[in-house]
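The values are calculated or read from the model by the stated rules, or taken from the named source; none is laboratory data. Worth saying up front: this structure is predicted, and the values here are computed from it rather than measured. So basically every Cβ, Gly included, is an ideal-geometry build from the backbone, and we count neighbours across all protein chains shown.
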Amino acid sequence: MRRTLAFGLILAIVLMGGCTSKARPNDSLVVAIPTDPDSFHPHQSIAAATSEIAFNIYEGLVKAAPDGSMIPALASEWKIEEDGLLYSFVLREGVKFHNGRELTPEDVIYCLNRLRDPEVVAKARDYSHIKSITSEGNTVIIRLDQPDAALLAALTEFGAAIYPKEAEDQLSTKPVGTGPFVLTSWQPNSKLVLERFADYWNKELPKLNQVTLQIIPEAATAVSNLLTGHVDLIPRLEAEYLQQVEGNAKLKIIDSPMALVQLLAINNARAPFDDLRVRQAINYAINREQIIQGAAWGKGQPIGSNLSPAMGTWYQDLTGYYEYDPAKAKQLLAQAGYPDGFSATLYLPAPYPLHRSAGEICADQLAAVGINLDIQVIEWATWLEKVYSNRDFELTVIGFDGRLDPHTVLGRYQSTSSRNFANFNDQEYDQLLMQGLRETNPEARKAIYHRLQTILAEKASNVYIMDPSQLAVMQKNVTGWQNYPVYVLDLAPLQRAK
Amino acid sequence: MYWLKKLAAMLVTLGLVTMATFFALYLIPGDPAALILGTEADPEALQLVRAQLGLDQPTAVQFVAWLRGLLRGDLGNSITFSRGYSVAQLVLGALPVTIPLALLSVGVALLIGVLFGTVAATERGGKSFIVQYLSQISLSLPAFWLGILLIQFFAIRRGWLPPSGMPAWSTDPQGAALSLVLPIITLALPRAAVLTRTVRSALLDTIREDYIRTARSKGLPEKVVVYQHALRNALVSISTVTGIQLIQLLAGTIVVEQVFSLPGLGRLMLSAVLLRDLPLVQGAVFAGALLILLANLLFDSLYPLLDPRVHV
């Protein structure tokens, strides 16, 4: 018996000895991502997880830059008429699709016309002011029926990517774009392989020959892979795993704003939250610093309204509007007729640890002023149906992704918006929002969005908590990481130092 | 006749399982279209996506359509998890991970179970005590915790094995085999504990039988008595329990494949349920049910070989 066991052990060790860490060539990189893309068809895909990868495969007329501005992509230059009703885009010469064919104005017209058809594409809403798309020589002309200051930003989104018409039916699994990388293989639940597109119009990019996107759902497992060198980069590490990588001499951590607005959402239409004083009391009772320390390990910036500081000049700092003041909160509650506080339910979305921890801390802080919350952690599908679609909730914690244009972000609080699940309702807000879309003067437009953010704070619409940091962790020799105020993963400038 | 009956029972079970899954998915909350659109959804977009996915049809109509497809050998396309892939493609891609994982785990569990169970049954005192104690511990280990612990030690500290993932068998067979080692240990240990106990009690039962006393009194060496006489006769009950373990183990792959990021059937099923990908859940459950029924069939057909008194 003893001999058999010993033999087994030796056999096992010999088998294991096959050593696992394989040296990778210098021009390739392995990136850990948590989920599979939903679909690579620009008109089908909704998931942020897809658009962040698609950013490397497809391009639109214009694209987002790391500073939040819009830079030329398939259009080498563009002009907007003063009345804001006519956009002309000059197409870049000699751009090729991954299938080898050259880009024509007809491709642009075809893709954008399909995109704005609400019978075919769920995202058509953002392009509804387009009246016609035509071409003159190498120039694509877009005419609007009313000024739409958010249009240029909308054209940077994955939905507005240009693809060759003949590839229409294969795009969901075999994308064909003009971007710096070509998707060469996709094994669901396992990995995606991107390879350098040799005919990319920008000869400087990409720096790498091959990028493997390894799908690893568990953050703990992703960290293990990074520590053993099986993975070179985790673009979005959850803050709770920070301590496992901090201080590791082989790794570096780059933290930058995520442009995500995390909030304790309040159902403004439901009693007792329909009382401004109650909402203000909740705002005074919340200690943002404590949440940032407790839920995000200190990695986040406090916010005072529904816009992230990453939005540059659009952003209005309102963090001081409700200084943490539990005494004032109690006083306001008493004025509203709740001297002993009240009880309510707080729904937290199960798949988001950051929102769950923040919610638990909020509950604790609110209990201190007499508002007792019954915490219910619910599955994402249930959250979307119950809280988001049916608006059947009192309080919840959630985050909204950043977009390039403030209208897209703040439009959510228009009283008639179907995305307005907090039931915010304010006449001045509705009017200003429409004005902001038609305003073509940048300075006047900026003033409008500052005012809109202020209204959201004044009316204590929700408790705006923080913009959490995006923690990108990578091997020390990886360079070229770029952070964006929108949800993209820019692989083209990445390289590995020798 | 026996096999015909078996086959009929299998088909009925499969039918019931698929029907139950289909309707269960309609009872749990969560609209696939809402999941696709997330926090950017509006009613028009929801309606459009529902129509595109065929979800605007009544449940019964959808079920009949699915059954029709099945009869033609078409399981449909996934709708929320990597859209555009056919369910058959995804399920078939997952089998080369899950089948070897399950079979090897049960093999390892059986090996450990027989070795340790025999020790526990035949030795007295210390050794037997240690074996029983170990089996108690491994029985109560949560799979995900054990998995993370193994990764920590064998992958991070020692660097002997990959921490997760699995390359395709066709491109890197050695890598694929190596990446299954830790998942197999994770899956096999609790099963081995159960089998150790089964082997022990089965052996203790048979050792009391008359023919064992006869064998001993003939002067046969103890090893021959235990391995050739006692164990041989204990095999029937061991194989019954092994069959049950294999089925439980298939359910256990859901957790283990998630922890080790293995692209197997369990993980596919989990992704599909979380994303409410109805056709994919249907297809994956169908495949899982088929695997379990085949495993049952395999173990049923073993009985006559193990015990000549059993006839079919």
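If you check B:Ile185, B:Ile156, which single one turns out to be part of a helix (DSSP H, G or I), in contact (Cβ under 8 Å) with a residue 60 or more places away in the chain and within 14 Å of chain A (Cβ to nearest Cβ)? Result of the check over B:Ile185, B:Ile156: B:Ile185.
In the range B:251-267, the qualifying residues are those that are hydrophobic (A, V, I, L, M, F, W, C) and outside any helix (DSSP H, G or I), and the one that is farthest from the chain's Cα centre (by Cα) is B:Phe260. For A:Leu227, the criteria (1) in contact with a Gly (Cβ under 9 Å, 6 or more places away or on another chain); (2) within 12 Å of chain B (Cβ to nearest Cβ); (3) surrounded by 19 or more Cβ atoms within 10 Å (Cβ to Cβ) hold in every case but one, which is (1). Restricting the first member to the range A:420-448 and to residues that are of a type in the set (Phe, Trp, Tyr), and the second to residues that are part of a helix (DSSP H, G or I), the beta-carbon pairs closer than 7 Å and six or more apart or on different chains are A:Phe421/A:Val387; A:Phe421/A:Tyr388; A:Phe424/A:Tyr413; A:Tyr429/A:Tyr413; A:Tyr429/A:Leu452; A:Tyr429/A:Ile455.
Take the conditions (1) aliphatic (A, V, I, L, M); (2) farther than 27 Å from A:Glu360 by Cβ; (3) within 14 Å of another protein chain (Cβ to nearest Cβ); (4) without any contact (Cβ under 8 Å) to a residue 60 or more places away in the chain; A:Leu384 misses just one of them, which is (2).
Scanning the range A:338-358 for residues that are closer than 22 Å to A:Ala422 by Cβ and free of Cβ contacts under 8 Å to residues at least 40 places away in the same chain turns up A:Gly341, A:Ser343, A:Ala350, A:Pro351.
For the range B:159-180, taking the residues that are in contact (Cβ under 8 Å) with a residue 24 or more places away in the chain and part of a helix (DSSP H, G or I), the one that is nearest to the other protein chains (Cβ to nearest Cβ) is identified as B:Ser179.
Quick one: would you say B:Ala94 is within 30 Å of A:Arg419 (Cβ to Cβ) and either surrounded by 15 or more Cβ atoms within 10 Å (Cβ to Cβ) or away from chain A (no Cβ under 14 Å) (or both)? Even if it seems obvious, please write down each step before you answer.
Details: within 30 Å of A:Arg419 (Cβ to Cβ): no; either surrounded by 15 or more Cβ atoms within 10 Å (Cβ to Cβ) or away from chain A (no Cβ under 14 Å) (or both): yes.
The answer is no for B:Ala94.
In the set (1) of a type outside the set (Asp, Glu); (2) closer than 23 Å to B:Ser261 by Cα; (3) within 12 Å of another protein chain (Cβ to nearest Cβ); (4) free of Cβ contacts under 8 Å to residues at least 40 places away in the same chain, B:Pro142 fails one condition alone, (3). Within the range A:114-137, the residues that satisfy the criterion of being more than 14 Å from chain B (Cβ to nearest Cβ) and surrounded by fewer than 14 Cβ atoms within 10 Å (Cβ to Cβ) are A:Lys131, A:Ser132, A:Thr134, A:Glu136, A:Gly137.
A single member of B:Ala109, B:Ala94, B:Ala177 is under 22 Å from the mean Cα position of the chain (by Cα), under 18 Å from B:Gln248 (Cα atoms) and at pLDDT 85 or above, and it is B:Ala109. Counting only strands (runs of 3 or more DSSP E) wholly contained in the range A:24-137, the ones carrying 1 or more residues that are within 23 Å of A:Leu437 (Cα to Cα) and touching a Ser or Thr at 6+ places or on another chain (Cβ under 8 Å) occupy A:62-64, A:70-72, A:75-80, A:86-91. Within the range A:234-254, the set of residues being of a type in the set (A, V, I, L, M, F, W, C) and over 21 Å from A:Leu354 (Cα atoms) comprises A:Ala249, A:Leu251.
Within the range A:355-384, being more than 26 Å from A:Lys328 (Cβ to Cβ) and touching a helix residue (DSSP H, G or I) at 6+ places or on another chain (Cβ under 6 Å) holds for A:Ala381, A:Leu384. Scanning the range A:466-495 for residues that are within 17 Å of the chain's Cα centre (by Cα) and not in a loop (DSSP other than H, G, I, E, B) yields A:Met466, A:Asp467, A:Pro468, A:Ser469, A:Gln470, A:Leu471, A:Ala472.
Checked against the criterion of being within 14 Å of chain B (Cβ to nearest Cβ) and either touching a residue at least 40 places away in the same chain (Cβ under 8 Å) or within 22 Å of B:Ser164 (Cα to Cα) (or both), the range A:263-284 contains one or more residues that satisfy it.
Screening the candidates B:Thr80, B:Thr21, B:Thr59, B:Thr39 for the property of being surrounded by fewer than 22 Cβ atoms within 10 Å (Cβ to Cβ), touching a residue at least 40 places away in the same chain (Cβ under 8 Å), out of contact with any Ser or Thr (no Cβ under 6 Å at 6 or more places or on another chain) and among the hydroxyl-bearing types (Ser, Thr, Tyr) yields one hit, B:Thr21. Cβ-Cβ distances below 7 Å connect the following pairs, each with a first residue in the range A:193-217 that is over 11 Å from A:Pro180 (Cβ atoms) and part of a loop (DSSP other than H, G, I, E, B), a second residue that is acidic (Asp, Glu) and modelled with pLDDT under 95, and a separation of six or more residues or different chains: A:Asn209/A:Asp27. Please work out which one of (1) surrounded by 15 or more Cβ atoms within 10 Å (Cβ to Cβ); (2) farther than 30 Å from A:Thr228 by Cβ; (3) within 13 Å of chain A (Cβ to nearest Cβ) is the condition B:Glu123 fails and give its number. In the conditions (1) surrounded by 15 or more Cβ atoms within 10 Å (Cβ to Cβ); (2) farther than 30 Å from A:Thr228 by Cβ; (3) within 13 Å of chain A (Cβ to nearest Cβ), B:Glu123 misses (1) alone.
Consider B:Leu275 carefully, then state whether it is more than 25 Å from B:Ile130 (Cα to Cα) and in contact with a Phe, Trp or Tyr (Cβ under 7 Å, 6 or more places away or on another chain).
yes
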